[in-house]
Amino acid sequence: MKSDATIWCFNDRPAVIGMVHLQALPGTPRSRKSVMQIAADAASQAKTLVKAGFRSLLIENMHDAPYVAGPHGPEITAAITAAALAVRDAAPDATIGLQVLARGERIALAVALACDARFVRCENFVFSHVADEGLMVEASAGPLLRYRREIGAEGVRIFADIKKKHASHAITQDVSLADVVHGAEFFGADGVVITGSATGRSASLDDVEAARKAGPLPVLVGSGVTPANVKAMLRHAHGVIVGSSLKVGGVWNAPLDERACEAFIEACHAAS
């Protein structure tokens, strides 16, 4: 683990990061809410998660499906900034992160700087792949790290997805998961995220273990984590990102279930 990891996320305990799924943003097909309503809903989610015991939150534009690869319009940046600032006000002591789906890593980094967030999650940090929104040709590590330096956001850490979910990796089938982790480390990632094949689907324990053994980077499990499997995941991972299992019925686009949030934290405490 990198020497400063405990400062910004882990605090000598596994990182347990709860998802704040923003309502569909302006201009996207499912958009029905005003920016102020989106921000208020994000703040409400943050309060529910913090009350249940979450100390870290990841804000994501999950409801913007079907996704289009960036660059994204200024309305997306503006809405996410408003929501992130509302989350910051609602949860002033929480560690906050940003993810803007489908090549929105520059937006995530800029918003993180504006709202004093500590990390971003990047889907395409190293290697090309075919995602459900199309071909992602360019790895973002080089441009993103230069942009981070340019805007003075070196304090914002970057978690890189490894062989990301909702994507085909036939192009890189001869590159092992461990090799991709090595690539992310070499290109300057601050941590890696291991997932299953889709939202809500569990990551393979073998993949999590392989990522942990591949090098010194912190490893997070980023999909399909539940109270039933979190102990097994935390045997190898430094932390987890959880969304679907905190929702009513375990469905990602349902409202948060307060009891499910509490049960997840209880399971994490029992696992540590």
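The values are calculated or read from the model by the stated rules, or taken from the named source; none is laboratory data. As the structure is a prediction and not an experimental result, all values here were calculated from the model. For neighbour counting, all protein chains shown are included, and Cβ atoms are generated from backbone atoms with ideal geometry for every residue, glycine included.
For residues that are among the hydrophobic types (A, V, I, L, M, F, W, C), touching a residue at least 12 places away in the same chain (Cβ under 8 Å) and more than 14 Å from Arg121 (Cβ to Cβ), tally how many sit in the range 132-149.
Adding up the residues that qualify gives 3.
Scan the range 1-32 for residues that are under 19 Å from Gly243 (Cβ atoms) and either assigned to a loop (DSSP other than H, G, I, E, B) or at pLDDT below 95 (or both) and jot them down.
Correct list: Cys9, Pro14, Ala15, Leu22, Gln23, Ala24, Leu25, Thr28, Arg30.
Of all residues in the range 214-225, which are in contact (Cβ under 8 Å) with a residue 40 or more places away in the chain and assigned to a loop (DSSP other than H, G, I, E, B)?
Those that are in contact (Cβ under 8 Å) with a residue 40 or more places away in the chain and assigned to a loop (DSSP other than H, G, I, E, B): Pro216, Leu217, Pro218, Gly222, Ser223.
Determine whether Val192 is buried (at least 17 other Cβ atoms within 10 Å of the Cβ), of a type in the set (A, V, I, L, M) and in a strand (DSSP E or B).
yes
A quick yes/no check of all residues on (1) touching a residue at least 40 places away in the same chain (Cβ under 8 Å); (2) touching a strand residue (DSSP E or B) at 6+ places or on another chain (Cβ under 8 Å); (3) under 25 Å from Gly250 (Cα atoms):
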site: Ile151; (1), (2), (3): yes, no, no
site: Glu154; (1), (2), (3): no, no, no
site: Arg157; (1), (2), (3): yes, yes, no
site: His169; (1), (2), (3): yes, yes, no
site: Ser176; (1), (2), (3): no, no, no
site: Val180; (1), (2), (3): yes, no, no
site: Gly191; (1), (2), (3): yes, yes, no
site: Gly200; (1), (2), (3): yes, no, yes
site: Arg212; (1), (2), (3): no, yes, no
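Restricting the range 42-87 to residues that are within 28 Å of Glu266 (Cβ to Cβ) and among the charged types (D, E, K, R), which is nearest to the chain's Cα centre (by Cα)?
Glu60
Quick test for you: out of Ala40, Ala46, Ala82, pick the one residue that is aliphatic (A, V, I, L, M), within 21 Å of Ile151 (Cβ to Cβ), part of a helix (DSSP H, G or I) and in contact (Cβ under 8 Å) with a residue 12 or more places away in the chain.
Ala82
Would you tally the residues in the range 230-272 being within 28 Å of Ala65 (Cα to Cα), in a loop (DSSP other than H, G, I, E, B) and touching a strand residue (DSSP E or B) at 6+ places or on another chain (Cβ under 9 Å)?
Residues flagged as within 28 Å of Ala65 (Cα to Cα), in a loop (DSSP other than H, G, I, E, B) and touching a strand residue (DSSP E or B) at 6+ places or on another chain (Cβ under 9 Å) within the range 230-272 amount to 6.
When you scan the range 147-170, how many residues do you find that are surrounded by 15 or more Cβ atoms within 10 Å (Cβ to Cβ), modelled with pLDDT under 95 and outside any loop (DSSP other than H, G, I, E, B)?
Summing the residues that are surrounded by 15 or more Cβ atoms within 10 Å (Cβ to Cβ), modelled with pLDDT under 95 and outside any loop (DSSP other than H, G, I, E, B) in the range 147-170 gives 1.
Evaluate the range 175-188: report whether one residue or more is in contact with a Ser or Thr (Cβ under 8 Å, 6 or more places away or on another chain), surrounded by 20 or more Cβ atoms within 10 Å (Cβ to Cβ) and not aromatic (Phe, Trp, Tyr).
Yes: one or more hits.
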